[in-house]
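One structure, as structure tokens, below. Some questions next.
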Amino acid sequence: MLKQRIITAVILIPLALLGVFALSPFFFSLFVGGIVLLAGWEWANLAGLPQTPARLIYVASLALALFVSQYLPLQMILGLAVLMWLAALILVLTYPGSAMFWRHRSLKLIVGLMVLVPAWNCLVWLKHAENSSWLIVYLFALIWGADIGAYFFGKRFGKHKLAAKVSPGKSWEGVYGAIAVTTLVAIGVGLVQQKSFPQLMVMVLFAWLIVAVSVLGDLLESMFKRERGVKDSSNLLPGHGGVMDRIDSLTAAIPVFCISLLVTGL
């Protein structure tokens, strides 16, 4: 499993970086949009649409939502994302009791749109920002660092369950590992950029917030997979499951990262 994860990561990371640095904002939006539509295909199955025609209709609806959303104010999209993830926090904390409120298929499909559309918008917005490519790489480094820290710390030290009813394999020790690695990433980037000590502390605090939200994104998908009775969103990526399994943390973290940039100007 670890060997497969490493091989897949070695292939995917250069492709992601190539997309970030080599593509113009327009083609980058299409590149990310393709990934989001693949995730939407998987989400349709998690929501209870196993039939190909129904899943294609959902993917087409997601594509339409992406197209329309680019004409909406970013502040509105960020506001919807904040509301979405606050609701997700409540649902995860109160699971399985909360399932009675979202078990209907149509609600699960709407949640998929609320998860994927803001993430796409915010990432496209980042691509238009100053130093856009390095901002996106920094975001990826935070999330990839959190994943690596959580995986190895969880495997080595994991004893205390984070959310046993949602995802028994995740532990608080894994969270601490994620925080440790992202702290090092934030401090390292801040030192390279010669940030002042207060700015460095702000970067670290937002890195911790992004870790917390990324964990929530992971747990939200785990909750839907548990209801669907599947381990992974698909088997598209050997050792990693599906596309949704790889971007679940990012879908939650991207809007928070954009908000942090808008609030702090860092």
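The values are calculated or read from the model by the stated rules, or taken from the named source; none is laboratory data. Quick caveat, the model's predicted, so the values are computed rather than measured. Glycine gets a Cβ as well: all are built from the backbone with ideal geometry, and neighbour counts include every protein chain shown.
Name every residue in segment 94-115 that is surrounded by fewer than 14 Cβ atoms within 10 Å (Cβ to Cβ), in a helix (DSSP H, G or I) and basic (Lys, Arg), in order of residue number.
Within segment 94-115, Arg105 is the sole residue that qualifies.
Output the helices (runs of 4 or more DSSP H) that fall wholly within segment 24-93 and possess 1 or more residues being polar (S, T, N, Q) and under 14 Å from Lys108 (Cβ atoms), or say none.
Of the helices (runs of 4 or more DSSP H) lying wholly inside segment 24-93, those with at least 1 residues that are polar (S, T, N, Q) and under 14 Å from Lys108 (Cβ atoms) span 25-46, 52-69.
Here are Gly217, Gly190: which of them is surrounded by 21 or more Cβ atoms within 10 Å (Cβ to Cβ) and either among the aliphatic types (A, V, I, L, M) or on the phi < 0 side of the Ramachandran plot (or both)?
Gly217
For the subset of segment 151-164 comprising residues that are surrounded by 14 or more Cβ atoms within 10 Å (Cβ to Cβ) and not aliphatic (A, V, I, L, M), which member is modelled with the lowest pLDDT?
Top of the filtered list is Gly158.
Per-residue answers, yes or no, for (1) in contact with a strand residue (DSSP E or B) (Cβ under 9 Å, 6 or more places away or on another chain); (2) closer than 24 Å to Leu261 by Cβ; (3) crowded, with 20+ Cβ neighbours inside 10 Å; (4) of a type outside the set (Lys, Arg):
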{"site": "Ala44", "(1), (2), (3), (4)": "no, no, yes, yes"}
{"site": "Gln51", "(1), (2), (3), (4)": "no, no, no, yes"}
{"site": "Ala63", "(1), (2), (3), (4)": "no, no, no, yes"}
{"site": "Ala81", "(1), (2), (3), (4)": "no, yes, yes, yes"}
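Do we find that Ser234 is surrounded by fewer than 24 Cβ atoms within 10 Å (Cβ to Cβ), modelled with pLDDT under 90 and of a type in the set (S, T, N, Q) in this structure?
yes
Can you tell me how many residues within segment 225-249 are closer than 22 Å to Gly34 by Cβ and part of a helix (DSSP H, G or I)?
Total meeting the criteria: 7.
Residue-by-condition table, conditions (1) closer than 25 Å to Ala212 by Cα; (2) out of contact with any Gly (no Cβ under 6 Å at 6 or more places or on another chain):
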{"site": "Phe31", "(1), (2)": "no, no"}
{"site": "Ile35", "(1), (2)": "yes, yes"}
{"site": "Gly40", "(1), (2)": "yes, yes"}
{"site": "Arg55", "(1), (2)": "no, yes"}
{"site": "Tyr58", "(1), (2)": "no, yes"}
{"site": "Pro73", "(1), (2)": "no, yes"}
{"site": "Leu80", "(1), (2)": "yes, yes"}
{"site": "Met84", "(1), (2)": "yes, yes"}
{"site": "Ala88", "(1), (2)": "yes, yes"}
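Within segment 109-152, track down each residue that is among the charged types (D, E, K, R) and under 26 Å from Leu86 (Cβ atoms).
Asp147 - this is the single residue of segment 109-152 that is among the charged types (D, E, K, R) and under 26 Å from Leu86 (Cβ atoms).
If you go through segment 190-207 one residue at a time, how many are out of contact with any helix residue (DSSP H, G or I) (no Cβ under 6 Å at 6 or more places or on another chain) and in a helix (DSSP H, G or I)?
Selection size over segment 190-207: 7.
Pick from Ile136, Ile90: which is of a type outside the set (Ser, Thr, Tyr), closer than 30 Å to Val185 by Cβ and in contact (Cβ under 8 Å) with a residue 24 or more places away in the chain?
The conditions single out Ile136.
Every residue, every condition in (1) in contact with a Lys or Arg (Cβ under 6 Å, 6 or more places away or on another chain); (2) at pLDDT 95 or above; (3) not basic (Lys, Arg), yes or no:
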site: Ser29; (1), (2), (3): no, yes, yes
site: Asn45; (1), (2), (3): no, no, yes
site: Leu49; (1), (2), (3): yes, no, yes
site: Ala60; (1), (2), (3): no, yes, yes
site: Phe67; (1), (2), (3): no, yes, yes
site: Gly97; (1), (2), (3): no, no, yes
